[in-house]
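Structure first, then comments.
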Amino acid sequence: MPMERVDRAVAERDTEGFVKVVHKKDATVLGATVVAERAGESIHEWALAISNKLKLKDLASTVHVYPTYSIANQQLASAHSVESFLGSRTAKALRKLANLR
């Protein structure tokens, strides 16, 4: 997740950097890197996720204060959840149903 997609970073003109996560196939968080001016504000959430064996969907569904730099964590987790859903059988079935007019 590039910081240029994070509203707070854009507002502060501080868009250099990114958040990157490594996860298992089931989306359990294994590791994270935050390379940005205010990385210390958001890395704690990833440490908590790793130590508690949380999945990306857990972070995606957690309410985050807006606008903050740590919203990048939720945006990354949400993007993964959406991509996973779009590739699922359920999504494929829904697309077929939508085309049955």
Subset of region 4-23 [closer than 18 Å to SER78 by Cβ and more than 12 Å from the chain's Cα centre (by Cα)]: GLU4, ASP7, ARG8, ALA9, VAL10
Top-ranked residue in region 71-101 [being in contact (Cβ under 8 Å) with a residue 60 or more places away in the chain and small (Gly, Ala, Ser); ranked as nearest to MET1 (Cα to Cα)]: ALA72
Residues that are of a type in the set (D, E, K, R) and in a strand (DSSP E or B), drawn from region 17-28: LYS20
Within region 29-85, considering residues that are among the basic types (Lys, Arg) and in a loop (DSSP other than H, G, I, E, B), the one modelled with the lowest pLDDT: ARG38
Matching entry among THR68, THR33 (being touching a residue at least 60 places away in the same chain (Cβ under 8 Å) and under 21 Å from MET3 (Cα atoms)): THR68
Boolean, VAL35 is more than 21 Å from PHE85 (Cα to Cα) and touching a Phe, Trp or Tyr at 6+ places or on another chain (Cβ under 8 Å): yes
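The values are calculated or read from the model by the stated rules, or taken from the named source; none is laboratory data. Just so we're clear, the structure is a prediction, and the values are computed from it rather than from any experiment. Cβ sites come from the backbone with ideal geometry, for glycine too, and all protein chains shown count toward neighbours.
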